[in-house]
1. Test Ala253 against the stated conditions and say whether it is touching a residue at least 24 places away in the same chain (Cβ under 8 Å), of a type in the set (Gly, Ala, Ser) and touching a helix residue (DSSP H, G or I) at 6+ places or on another chain (Cβ under 8 Å).
2. For the stretch 301-317, enumerate the residues that are surrounded by 24 or more Cβ atoms within 10 Å (Cβ to Cβ) and within 16 Å of the ligand (Cβ to nearest atom).
3. Looking only at the stretch 321-332, decide whether some residue is buried (at least 24 other Cβ atoms within 10 Å of the Cβ), modelled with pLDDT of 95 or more and part of a strand (DSSP E or B).
4. What number of residues in the stretch 126-161 are touching a residue at least 24 places away in the same chain (Cβ under 8 Å), basic (Lys, Arg) and assigned to a helix (DSSP H, G or I)?
5. Identify all residues within the stretch 158-204 that are closer than 15 Å to Gln106 by Cα and of a type in the set (D, E, K, R); write none if there are none.
6. Taking helices (runs of 4 or more DSSP H) that do not extend beyond the stretch 405-488, which have at least 2 residues that are surrounded by fewer than 24 Cβ atoms within 10 Å (Cβ to Cβ) and away from the ligand (no atom under 16 Å from the Cβ)?
7. Taking Asn561 and the conditions (1) open to solvent by 80 Å² or more (accessible area, probe 1.4 Å); (2) within 30 Å of Ile265 (Cα to Cα); (3) free of Cβ contacts under 8 Å to residues at least 60 places away in the same chain, which numbered condition does it fall short on, given that it satisfies the others?
Amino acid sequence: MINQVMNKIKPEISGQKAFNHVAEVSQHHRIQASPGYRNAAFYCRNVFRDSKVRVKIDSYKADHDTAYWTNKLWDEWDCTSATLDILGEEPLRLCDYQAEKMCIIQRSIATPEGGVKGPIIYLEKGDSEEHYEDIDFTGALVLSDGDWNKVRAWAVEKRGAVGIISFRMLEFPPVRHRFDIADAIMYTSFWWTGTEKKTFGFALSPKQGDWLKDKCLQQKEKHAKGKADSPYIMAEAHVDAKLYPGFIENVNAFIPGQTMEEILITAHLCHPQASANDNASGVSVALEAARALQKLIDEGVLEKPRRGIRFLLIPEFTGTYAYLSDNENRIPRTLAGLNLDMVGENQALTNSSLLVEYPPQASGSFVGDLMAEVLTQLASEAKNIAGTASYGLFRYALSPFSGGSDHYITSDPTVGIPSPMLIQWPDKFYHTSADTLDKVDPDMLYRVGVMTATYAYVMAMLNEEDAAWVLNLQGYHYYNRANELIKNLPVKAQLLEEKVRIELFKELEANLEYLYQLKIVEMNDLLRFMPRYKRRTNSLIRAKLTEFKAFNQNALRNVANTLGLPRKLEQEEVKEDKSPVPIRLFRGPFSARGYVEMFSEEIQKEYKELGEKHPSMRGALSQFVYWIDGKRSLNEIIELTKKETGMDVSAYAEDYLNILHKMDLIDWAK
Ligand SMILES: [Zn+2]
């Protein structure tokens, strides 16, 4: 079915049309809750309209008193101009907002009437306060390549500094070191929670930052030698901006189906100008996929789908929270999702690969395997010399769930819209001023456009007749993963000590059993798409599971043989699991920013300290919380998280849930 649908879609999708949309969208400075974002939303609405796709704009309040589920909003921001000048014998303008929108820290507040003149103090010993006890920061602009949020929290909040100059550049080895993009400016923003002392700030490229840093150090030296009056360079800053209660907008387009059920395609529309790949590209692919599908349906090339297909262009995270909390009755009818984030990359320039990122395992769905198959079908672009095999002419890979975009909200089991993501990662220019139109490849937009439209339509049509091939697809991935586990046993394992061999065997047995348990849930997820002939589908699923079970038993028998172990090892006594059972009292992932600030100082401190104590926490925390279902014990959840991510969360799991308990987000079963 995938192939037939894809063949009908291919001639209609235009990479160039999508590219033209990227050119338009990327001209808007699309900060969430801002006039620039709103204008981009109007553009997208008009494109949907021109494509005869039903569309509306949903506005949601954006201010510090508003939250959608646990996601707190912030004020709307409007900036009209900003400049930063270095004063002295050789004056130099380092930032001009009208020329380069990323040269300020987004959501900066206005400088006082007439601007600010002050010394630049370079933080040469890092970004924490204890190294600067004897320095007077009053009225200063603080220059740092450290964490600007951290610097603001002490330098502005406690020590009287007036602004920040950041020249931070995050590195993603091996594709990006700061010197790889020395002229680019990193996307930096304040994310106000409402309680802090607000300020303004500028962002410089590594090259500008290094230059200014050297100038500051030279001045200090001159002063020490008595050749200058002041140890500091002077600068003048002007920012004209305002923060006020406002709105965010979701562009909500819909191709109706024959039933009330829906498939949901999301792409975030926010980010600074230009952010061409992140994520004008995802938005543009959604616009083009919707146009093509609507046209093919109108012309009768594709029949009217069973399920509706909704395209949601949102400010990242906040818009998805707002949509879901506003449409709770529609969530159960929304059977699956797909998120598009950074899809248009020119791979030669950005060093990226196109990834199909699976939904988290706790979402228990087959849709990741289905998306992977769409990729496989697409990736047959060229043939070998004899014409006997074909393959794709771009880099691609499958990735387990990693999060970091809107699919992490929809895929949460408390929402239940399992959503893979298409993304290109890593990207040398990610979140910098160099993420511009010239890094976007119309051919990639075409590929992802075909994949998006194909996936959306196949999911919208999936029914009882598809059970067999979807199950075979699941089988393919099951055997792949099971074989990978077996393949990864150490070479010459039979020569290892008996104790080690037994451990290896038991681990393999447990991992195969985990895979099997996952597949039970994933295959049963098919039933949501196939309410008719349930008995038939059920028996197909059971047959497949019997096949998997037999495979596991065979494999284990062979491995036991190789390792010189009896097939049935003595069973260890199962320890009684006395760990508590957590219950989630909130929907969607917990969104801490701004939310924790609503609680006591003590809770805020606890929350902050736990994160600082366990910097690796972010890696598996979402997956950990997804597994909480009110039935599994804490130990079981920790074990499942380990199986899924390879990360052990036991050092902080209970403490984390206890803090959430204090915020009435978690309860413990009696
Ligand atoms: Zn981004």
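1. yes
2. Leu313, Ile314, Pro315
3. No, every residue in the stretch 321-332 fails to be buried (at least 24 other Cβ atoms within 10 Å of the Cβ), modelled with pLDDT of 95 or more and part of a strand (DSSP E or B).
4. 1
5. Arg168, Lys198 - these are the residues of the stretch 158-204 that are closer than 15 Å to Gln106 by Cα and of a type in the set (D, E, K, R).
6. Numbers: elements: 407-410, 442-461, 467-487.
Those helices (runs of 4 or more DSSP H) span 442-461, 467-487.
7. So the condition that Asn561 fails would be (2).
Yes/no per residue for (1) more than 15 Å from Ile659 (Cβ to Cβ); (2) open to solvent by less than 30 Å² (accessible area, probe 1.4 Å):
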residue: Glu573; (1), (2): yes, no
residue: Pro589; (1), (2): yes, yes
residue: Tyr595; (1), (2): no, no
residue: Lys608; (1), (2): no, no
residue: Met617; (1), (2): no, yes
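The values are calculated or read from the model by the stated rules, or taken from the named source; none is laboratory data. It should be emphasised that the depicted structure is a prediction, and the values quoted were computed from it without experimental measurement. Glycine gets a Cβ as well: all are built from the backbone with ideal geometry, and neighbour counts include every protein chain shown. What goes into the accessible areas is simple: the full protein's heavy atoms, side chains included, and nothing from ligands, DNA or RNA. Shrake-Rupley method; radii C 1.70, N 1.55, O 1.52, S 1.80 Å.
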